[in-house]
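Read through the structure below, which is laid out as structure tokens, and then see the notes.
The values are calculated or read from the model by the stated rules, or taken from the named source; none is laboratory data. Treat the numbers as computed from the prediction; the structure is a model and nothing was measured. Ideal geometry is used to build each Cβ from the backbone, glycine not excepted, and the neighbour counts take in all protein chains shown.
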Amino acid sequence: MNAKQHPQSSRRPSSSVATRHRSTGRIAVNVLADGLISALAAPLARFLAAPHDGLLHPLWFVLGGAITLLVSGLPFRIPQQYWRFSGVADLRGIAAASVGGAALFSGLLILTGFPLPSPTFPLIHALVLLVGLGGGRVLTRLLAGVRQQVQGQKSRVLLVGSDLSADLFLRGLERASDRQYLVQGLVTRSPGQQGRRLHGVPILGIAGDITDVLARMAQARTLPDQIIITEPEWRGSQISTVLDAGQRHGIAVQRAPSLTNLTPAEQIQMRPIALEDLLNRPEVPLDREGMARLIQGQVVLVTGAGGTIGSELARQVAQFGPERLLLLDHGEFALWQIDLELSELYPGVPREVIVASIRDAGRVEEIFSRYKPALVFHAAALKHVPIVEANACEGVLTNVIGTRLVADAAIRHSASAMVLISSDKAVNPSSIMGATKRCAEIYCQALAVAAEARGSRFRCVTVRFGNVLGSTGSVVPLFRRQLEQGGPLTVTHPDMTRYFMTVPEAVGLVLQASVRGTASRKLRDETDIRLQQGGIFVLDMGEPVRILDLARQMIRLAGLKPDEDVAIRFTGLRPGEKLYEELFHGREAPVPTDAPGLKMATPRAIDLSAAAVLLQQIELASREDDEGRALALIRSLVPEFAHNPSGEVRRPGQAVSMPGQDPVP
């Protein structure tokens with residue numbers, strides 16, 4: 001290793017020395033240029049103050065003008081200024097140095113017995129220095145801009161955003177080493193700005209009127225090659241409006257990067273609009289102090305740690321410094337990936353990689369007995385609806401029995417809390433996957449109520465939410481793969497809608513719910529009372545999104561036209577699917593909580609002993625691969641389960657014929 005490091009260490013000093021030499025050379029050029037300007041300024045100022053005395057003066061007069069300026073400029077770092085990027089702060093330093101240099105020169109004249117050419121000579125000298133030094137820098141900047149405009153073919157762009165973000169972009173463009181863009185106009189969000197100019201660029205209108213702006217540009221045959229959104233805070237409908245307007249004229253829309261950290265040598269690289277930017281979701285303030293109190297110094301177990309939600313849980317939990325982080329999954333490769341990532345991001349957090357199945361009671365017991373986790377995040381589950389439909393008993397054993405085994409082990413080994421990750425598919429389920437998640441919810445509800453009744457410190461918190469963008473097996477990666485292959489994009493039904501949220505946002509709110517769900521019940525407010533009754537946290541998912549609209553937006557983001565460049569094909573609902581997912585049962589009204597981003601549902605709960613008996617019967621039927629009996633037992637536990645094995649299109653409120661069953665009392 002030392003041998004490998006030696007060549008690198010020997011190269012770094014030479015690079016550093018070369019950089020210092022270049023910097024010293026540039027400073028020397030600045031000193032010579034400033035000295036020449038100040039040397040010429042002294043006799044010129046004398047001529048302006050006393051024209052009758054002539055223009056030629058002794059050599060010491062010229063040298064004195066140069067030396068005094070250089071001396072007075074040292075406190076203001078005049079030699080270190082970058083002429084090409086001089087700004088207001090640099091001009092202030094030049095003004096101060098000019099006044100100081102003129103005063104010092106006049107003082108030396110008086111001390112040496114040389115009379116001042118006129119009483120106004122110090123003022124005239126300072127003004128000549130200011131014009132000469134400042135003008136040289138302004139001229140250098142203007143020449144650099146002209147040279148960049150001449151070099152290469154520029155992409156014509158229209159900037160859309162606030163006037164502040166447009167100002168930052170234009171300044172960054174001036175600093176860029178390769179000016180790739182020719183800005184034709186600005187569209188701001190502030191009314192009343194049309195007709196004004198920013199850095200010489202006209203303001204053409206406001207963002208809400210971008211369709212009219214582009215129409216006028218099209219009529220004048222000045223349409224841009226690109227539209228660049230400079231406002232970093234824009235999300236949802238604001239971006240969709242710009243995308244739709246650009247799409248009508250075949251103009252690509254991109255987003256500007258953060259321009260505050262660009263150095264003069266860097267280029268401004270645009271980035272495409274991210275799909276997440278189209279979710280019009282306000283940022284939710286998170287209780288990070290509460291999360292730190294919950295996690296720091298604790299042994300934390302994450303089941304399903306290799307999955308989308310489980311791996312993000314591991315990342316966010318690691319931020320708060322747990323005593324030990326236990327990563328459990330049955331997939332070796334997925335575990336290796338998240339373990340490698342955490343070793344790079346949080347090398348100081350001790351970790352254990354555990355390959356195990358949550359359906360193995362002996363293995364689960366061994367893990368809890370050995371590591372004694374205080375906090376358990378249970379994300380392990382089979383979630384793909386058609387696959388669980390085709391492997392019903394496997395889904396039951398993982399989602400229902402696996403959850404029971406983990407929860408029971410957590411109680412036996414004195415864990416303080418278990419957090420169940422549930423799904424909106426558990427509400428009025430039409431799939432086996434949704435029904436199994438509802439069974440898991442019911443058992444955890446029963447545990448929570450029983451723990452409250454006996455005054456136990458154990459908390460069982462259930463968090464329910466919808467789809468997350470980019471999760472394994474979700475529609476977004478499928479669309480991306482289909483786009484790479486040239487299409488078509490497959491959508492099951494034109495009216496299908498789903499709730500969407502980004503993975504980091506969903507997990508942040510899961511932790512928020514964990515903090516609130518494990519808090520003391522001394523307050524006895526509405527949230528506490530509902531938690532004691534088996535309440536379930538539901539993430540505020542915003543408005544549902546039509547999958548067809550999502551497909552069209554992804555095509556547009558790829559710079560293509562829906563139905564022209566890429567076709568969209570409807571395939572029909574798959575087994576177990578329904579058109580509309582729900583976050584709340586028809587009879588359970590959503591109730592706000594005192595935690596931002598969280599609502600609460602209080603679905604029907606049953607006694608723990610009754611739930612345990614039914615789960616034992618369900619487990620026996622599933623292990624015997626008796627799917628019919630297992631589903632019949634699930635219907636008795638979840639009477640709202642309206643199985644849709646054929647993928648029949650059902651509208652909300654549509655009556656469904658189901659086999660008769662008696663709900664659990």
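Of the residues making up region 602-625, just one is surrounded by fewer than 18 Cβ atoms within 10 Å (Cβ to Cβ), in contact with a Cys (Cβ under 8 Å, 6 or more places away or on another chain) and outside any loop (DSSP other than H, G, I, E, B), namely Arg623.
Residues in region 518-571 that are out of contact with any Gly (no Cβ under 6 Å at 6 or more places or on another chain), under 30 Å from Glu441 (Cα atoms) and part of a loop (DSSP other than H, G, I, E, B): how many? Residues in region 518-571 being out of contact with any Gly (no Cβ under 6 Å at 6 or more places or on another chain), under 30 Å from Glu441 (Cα atoms) and part of a loop (DSSP other than H, G, I, E, B): 14 in total. Within region 407-424, the residues that satisfy the criterion of being more than 14 Å from Thr462 (Cα to Cα) and not in a loop (DSSP other than H, G, I, E, B) are Asp408, Ala409, Ala410, Ile411, Arg412. Assessment of region 626-643 against the conditions (surrounded by 15 or more Cβ atoms within 10 Å (Cβ to Cβ), in contact with a Lys or Arg (Cβ under 9 Å, 6 or more places away or on another chain) and part of a strand (DSSP E or B)) yields no matching residue. Find the residue count for region 584-620, including only residues that are within 28 Å of Asp287 (Cα to Cα) and either hydroxyl-bearing (Ser, Thr, Tyr) or in contact with a Phe, Trp or Tyr (Cβ under 7 Å, 6 or more places away or on another chain) (or both). Count: 6. Regarding His199, is this residue surrounded by fewer than 16 Cβ atoms within 10 Å (Cβ to Cβ), free of Cβ contacts under 8 Å to residues at least 40 places away in the same chain and within 26 Å of Arg552 (Cβ to Cβ)? No; evaluated as a whole, the condition is false for this residue. Per the listing Ala361, Ala435, the residue uniquely closer than 17 Å to Glu619 by Cα, modelled with pLDDT of 95 or more, hydrophobic (A, V, I, L, M, F, W, C) and surrounded by 21 or more Cβ atoms within 10 Å (Cβ to Cβ) is Ala435. Quick check, is Arg574 of a type outside the set (Val, Ile, Thr), touching a residue at least 12 places away in the same chain (Cβ under 8 Å), in a strand (DSSP E or B) and surrounded by fewer than 21 Cβ atoms within 10 Å (Cβ to Cβ)? It is false that Arg574 is of a type outside the set (Val, Ile, Thr), touching a residue at least 12 places away in the same chain (Cβ under 8 Å), in a strand (DSSP E or B) and surrounded by fewer than 21 Cβ atoms within 10 Å (Cβ to Cβ).
The one condition from (1) at pLDDT below 95; (2) more than 33 Å from the chain's Cα centre (by Cα) that Pro386 does not meet is (2). Only residues that are within 19 Å of Asp424 (Cα to Cα) and of a type in the set (Lys, Arg) were counted across region 467-500, and they come to 1. Mind counting the residues in region 384-406 that are in a helix (DSSP H, G or I) and over 30 Å from Ser456 (Cα atoms)? Here the count works out to 10.
In summary, Val515 fulfils each of the numbered conditions (1) more than 21 Å from Met496 (Cβ to Cβ); (2) surrounded by fewer than 20 Cβ atoms within 10 Å (Cβ to Cβ) with the single exception of condition (2). Each residue in region 427-477 was checked for being touching a residue at least 60 places away in the same chain (Cβ under 8 Å) and in a helix (DSSP H, G or I), and 19 pass. The C-beta contact set for region 298-324 (first residue at positive phi, second residue part of a strand (DSSP E or B), distance under 9 angstrom, 6+ apart or interchain) comprises Gly304/Leu328; Gly304/Asp329; Gly304/Phe377; Gly304/His378; Gly304/Ile421.
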